[in-house]
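Peer 1: Shown below is the structure under consideration.
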Amino acid sequence: MTDKVEVTKVPEKKVEVEKPVAKKAEVKKPEAKKVEIKKPVAKKVEAKKTMTKKTVAKKPVAKKPVAKKAPAKKVRAKKVVKEPTIFEKLEDSVIAVPFKAANKTFMASLGLFSYVQKELDKTFSEFDRKFSKYAKDGEKVFDQWENKIEGFRKDIRKDVKEIRDEVEDKVEDARDKVRETFKKAA
């Protein structure tokens with residue numbers, strides 16, 4: 001079994017491609033040339049097919065045009081003209097007077113706030129230093145009083161013990177006298 005396949009050639013088509021043009025402000029270059037690129041198209045051709053062998057029609061490879069890079073553009077530094085602010089525009093007008101007064105008042109308040117903050121910091125640091133000193137002095141006084149009280153407790157205990165011993169001795173003597181008196185009387 002053989003099948004016939006018909007392959008024919010189709011004529012090539014022309015395609016025009018324009019190259020990019022680099023623009024410069026001062027120098028003008030002539031326009032780039034137009035390049036024609038041919039695209040081949042496959043044509044049908046008769047071929048015999050056999051069961052054992054298959055033939056494949058090869059397509060021609062289209063060549064792509066290579067674009068040339070444009071030369072690097074020089075970057076020029078532009079002078080930046082500073083636009084005056086609204087305040088600068090109105091600086092010499094009647095409207096600017098309240099703005100100037102408000103601005104001075106605001107700046108004065110900032111200065112005053114800064115001064116007060118510094119003074120408070122000084123006062124706080126001085127207070128903190130004095131407070132720490134007073135706290136240390138208080139601890140010393142507390143320790144002294146604690147030692148005095150502890151000594152007073154010891155003295156009181158000692159005195160109480162002596163007084164108790166004396167009272168016990170006197171009570172014992174009184175008991176002995178009462179017992180002797182009861183023995184004599186009995």
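Peer 1: Using the Cβ atoms and a cut-off under 12 Å, what net charge is assigned to the surroundings of Lys122, where Lys and Arg are +1 and Asp and Glu are -1?
Peer 2: -2
Peer 1: Does the range 56-186 classify as rounded, prolate or oblate by the C-alpha gyration tensor (a ≥ b ≥ c root eigenvalues; a/c under 1.5 gives rounded; else a/b over b/c gives prolate, otherwise oblate)?
Peer 2: Note, shape of the range 56-186 comes out oblate.
Peer 1: Once the other residues with Cβ under 14 Å from the Cβ of Ser132 are scored (Lys, Arg +1; Asp, Glu -1), what is the net sum?
Peer 2: Net of charged neighbours comes to +1.
Peer 1: Starting from the Cα gyration tensor of the range 63-138, take the square roots of the eigenvalues, sort them a ≥ b ≥ c, and report rounded, prolate or oblate (rounded when a/c is under 1.5, otherwise prolate if a/b is larger than b/c, else oblate).
Peer 2: oblate
Peer 1: Less than 14 Å Cβ to Cβ from Phe142, Lys/Arg counted +1 and Asp/Glu -1: what total charge do the surrounding residues give?
Peer 2: Local charge sum for Phe142: -2.
Computed from the coordinates by the stated procedures, all read-outs in this text should not be read as laboratory data. All values derive from a computational prediction rather than experimental measurement. So basically every Cβ, Gly included, is an ideal-geometry build from the backbone, and we count neighbours across all protein chains shown.
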